[in-house]
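Inspection log for the structure reproduced underneath, given as structure tokens.
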Amino acid sequence: MTTHQTYEARLITALIAVVCAIGCAAAIVPAVEHAVTLGLLTLGLLVVLAVAVRLGVRWLRERREDRADALTAATWRAEYLAGVA
């Protein structure tokens, strides 16, 4: 195994151990299960909020670009196609 693969294997093993430890603790103390559930729900809501903000900003940026393109096209038409019609 290379150094990178060894690091990756240790990281995966540590994550699995943490999940198992939380599962064992939750089986013994119900408050741990409630705290983990609340944490995961909060994390999920934050992810949904972040995605919504990203999509909103993207939509706004595209509308601004479309408006700027339309203004540039109108300016170009006024300048170069004035005597054609």
Odd one out for GLU33, checked against (1) at pLDDT below 95; (2) out of contact with any helix residue (DSSP H, G or I) (no Cβ under 6 Å at 6 or more places or on another chain): (2)
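Would you confirm, using the coordinates I've provided, whether ALA68 is surrounded by fewer than 10 Cβ atoms within 10 Å (Cβ to Cβ) and without any contact (Cβ under 8 Å) to a residue 12 or more places away in the chain?
Working: surrounded by fewer than 10 Cβ atoms within 10 Å (Cβ to Cβ): no; without any contact (Cβ under 8 Å) to a residue 12 or more places away in the chain: yes.
No.
The values are calculated or read from the model by the stated rules, or taken from the named source; none is laboratory data. Please read these numbers as outputs of a predicted model, since none were measured by experiment. All Cβ positions, even for glycine, are placed from backbone atoms using ideal geometry, and neighbour counts span all protein chains on display.
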